[in-house]
Amino acid sequence: MAKVRLVQGNEACALGALKAGASFYAGYPITPSTEIAEHMAEMMPACGARFVQMEDEIASIGAVIGAAATGAKAFTATSGPGFSLMQELVGYAALTEVPCVIVDVQRMGPSTGLPTLSSQGDIQQARWGSHGDHSVIAIAPSSVMETYYQTIKAFNLAEKYRTPVVFLLDEEIGHLRERFEVDPDEAVEIIDRKQPTCAPEEYLPYENVEDGVPAMAKFGQGYRYHITGLTHNEKGFYSSALPVVDTFNRRLLGKIEDHVDEIFESEEFFTDDCDVLLIAYGSVARSAQEAMEELREQGLKVGLFRPITIWPIHEEKIKALCAGKKAVIVPEMNMAQYAREVRRIVPSETPVIPLSRVDSELIIPEEVAELVKEVLK
Amino acid sequence: MKPAYQKYFRDNLPHIWCAGCGNGIVMSAWARAVDELGLDKNNMIGVSGIGCSSRITGYLDLHTLHTAHGRALPFATGAKMARPDMDVFVFSGDGDCSAIGGNHFIHACRRNINMTLIVINNNIYGMTGGQFSPLTPFGKKATTAPYGSIDRSFNLCDLAIGAGASFVARGDIFHAKQLTDLIKAGYQHKGFSVIEVIAACPISYGRRNGIPNPADMMQYIKEHTVMKAAAEKMSAEELADKHIIGVLQEINEAPEYCESYAALCERVQGGTK
Ligand SMILES: Cc1ncc(C[n+]2csc(CCOP(=O)(O)OP(=O)(O)O)c2C)c(N)n1
Ligand code: SF4
């Protein structure tokens, strides 16, 4: 039975992780993500799951990947400075195709910035933080309930695509307390990584399979294989042979980019019937939605597109939605990190207007409405 | 006939190491040790960082994790916590372990998870061509210390003991039989075991420091190592340029982390927080 109570975004994330089957957490405290570690430390021992506080964020993600190699569903939570420290190993997880979830409760940067204030400044870091070409999945929920369900999805996607998934909360959602009505026993879809069925001698941990995602054996089940951050062949051993390297890198990107239809999730309001389209995500989408509702009451044709999946970006969808609009407005708490993607995708006849706030204040519905009115003048 | 311990190797030898490199001796000593212990390949995880020495995991027929530079211990920590029933061996170089991985090293010593760390100390960054490491002795030459290093060096075993490691030993590649025994003792110790191995990199270290010949390096190591019992009767002056070899620390009372965690789970589940 669902009990209604007030729950904070960070707690919903912790609850979602356990529901998804998270059996390992490693982390290093940092505002505004710390509550997640605290909840895990409290809840995990009760179900035999493992919690460890590491000496820094690099160690945290290292432990997460090590645990994940043995089959654990493993995750960590951090904020901007810690996420930056993790980047080398985010790339390692991507290249070695070890599933894991990294929660980044975004705070104002760069550097120590404003630790307790909200931001959406890690949108591009989530995509390009680690060196080299690889893809990544990133999700940004807009409410506490959605945080719970999308956390479950984050683990599922990590397992399904053998990839790190970045869960981008912003401080506002992480610390927001909201009505939470979830039946803890509700049946939800849980995805586990594909297991090899062949004999151990025949197992290819990095096989060029059609869907791009090879089966992943858990350590300790008779499939003794090698995981290395060096570029490797299908067996998992170092290779610099041109066709091997090329095939490998393309598969790594393709296994995510080619499945954008399956991965991508979003919400649309009046996107067919609008002159001005708002594109907003995370906490800012709430202000954008409120502005849209007010403006529509006033008879202005405004719509909202809210990507829940930030990466991979659904270029076709965005292109189609924006076609023929008088303007596309992208409000976000950063200097147009998502707007630059929209601008890249949308043909130049449609103006893409960023509404950036980097003074640590939230974007309120009134300022979105004002800009829409100005554009429609 | 192949020696029995070779069953622990994958059939992908020859290795990448230079002729005269000490890494192969350490790898064989490890294989002899696990063979004598009768350990099951299906129940072992090998973890390493980055460096010539860290390439060992590529040759071992186990579940192996060749991680990032300096990060072997965090990966091993996660793997062992997730599977406390499996045996975890970690291989690291002097740079990997004491420079970029230094923080992880001291915390692993403190945390005391039941796994075995073998640090191959060749006094240099071998893989990148001979830059000085925190274990390069004062005054020795490296590509980034062409006039002799002015950096003071760590004594890795003292550092481990200071950080609370419950088992610390030092061996070397000349005394290979003793090294096998030390690895066995490290494995049998319940808790985190550190085994430093004085090794040789004739190419990146020896050549620049007047011992380019692998056989001379062996001789050098033989002359500069002293068994612990003998060292106890020697003066500080006599020991100044010597490495003391043998088991240097063994504490059996230190709580092992995975056991403490399991006990904590039991307490919580039993309702006695
Ligand atoms: C983050 C990072 N920094 C630097 C390097 C370059 N690097 C590779 S191996 C190495 C040093 C290896 O020395 P050591 O750990 O002593 O091992 P050895 O090669 O001597 O066995 C360095 C600096 C790297 N791979 N990654
Ligand atoms: S450079 Fe040194 S450590 Fe590396 S393989 Fe050659 S001899 Fe061994």
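Where a number appears in this text, it was derived from the coordinates with a stated rule and is not lab data. Please read all numbers here as calculations on a predicted model, not as lab measurements. Backbone-built Cβ (ideal geometry, glycine too); neighbour counts: all protein chains shown.
Given R0 = 45 Å, the distance between the Cβ atoms of B:LYS190 and B:ASP241 translates into a calculated FRET efficiency of 0.85. In segment B:15-269, the inverse of the mean reciprocal separation of distinct Cα atoms equals 18.3 Å; this is its Kirkwood hydrodynamic radius. Express the Stokes-Einstein translational diffusion coefficient of chain A in µm² s⁻¹, to the nearest whole number, given a Kirkwood radius over alpha-carbon pairs, 20 °C and a viscosity of 1.002 mPa s. In µm²/s, the coefficient rounds to 101.
Efficiency by 1/(1 + (r/R0)^6): what FRET value for A:CYS198 and B:MET227, r their Cβ-Cβ distance, R0 = 51 Å, to the nearest 0.05? About 0.50, to the nearest 0.05.
Derived scalar couplings between HN and Hα for segment B:42-59 equal 6, 10, 10, 10, x, 10, 8, x, 10, x, 4, 4, 5, 5, 3, 4, x, 9 Hz in order, rounded to whole Hz, by the Karplus curve 6.51 cos²θ - 1.76 cosθ + 1.60 (θ = phi - 60°), x for Gly and Pro.
Between the alpha-carbon centers of segment A:234-305 and segment A:170-198, tell me the distance in whole angstrom. Here the two parts' Cα centres lie 20 Å apart. What does a probe at A:GLU290 reach in segment A:110-153, counting residues whose amide N is under 19 Å from the point 7 Å along Cα→Cβ? Inside the label zone: A:117-120, A:141-147. Each of A:THR116 and B:GLU250 was given a label point 7 Å from its Cα along the Cα-to-Cβ line. The distance between the two points is 5.3 nm. In order along segment B:185-197, phi translates into HN-Hα couplings of 5, x, 5, 6, 5, 8, x, 7, 10, 10, 10, 8, 10 Hz, rounded to whole numbers, per the Karplus curve 6.51 cos²θ - 1.76 cosθ + 1.60 with θ = phi - 60° and x for Gly and Pro.
Beyond 39 Å, the tail of the calculated P(r) for the protein assembly as shown holds 37 percent of the Cα pairs. Partners of B:LYS140 within straight-line reach, counting lysines whose Cα lies under 27 Å from its Cα and excluding those fewer than 8 residues away in the same chain: B:LYS222, B:LYS228, B:LYS242.
Under a 5 Å amide H cut-off, with hydrogens placed 1.01 Å from N, A:ILE279 pairs with A:PHE305, A:ILE329, A:VAL330 among residues at least 5 apart or on other chains.
Short-range pairs are left out: with C-alpha atoms under 8 Å and at least six residues apart, the relative contact order of chain B is 18 percent. For chain B, the longest principal axis of the C-alpha atoms and the axis of helix B:102-111 are separated by about 40°. Panel values: segment B:21-155, Kirkwood radius from alpha carbon pairs, Stokes-Einstein at 25 °C and 0.890 mPa s, translational diffusion coefficient 160 µm²/s. For B:LEU60, nonlocal amide neighbours, meaning residues 5 or more places apart or on other chains whose placed amide H falls under 5 Å from its own, are B:ARG10. Each label point was placed 7 Å from the Cα along the Cα-to-Cβ direction; for A:CYS47 and B:LYS41 their separation is 3.7 nm. Across q = 0.13, 0.14, 0.16, 0.17 Å⁻¹, segment A:3-182 modelled as identical point scatterers on its alpha-carbon atoms has Debye log10 I(q)/I(0) values of -0.54, -0.64, -0.85, -0.97, in the order of the q list.
Residues in segment A:312-324 carry Karplus couplings, in order, of x, 8, 8, 4, 4, 4, 5, 4, 5, 5, 7, 4, x Hz; the curve used is 6.51 cos²θ - 1.76 cosθ + 1.60 with θ = phi - 60°, and Gly or Pro positions show x.
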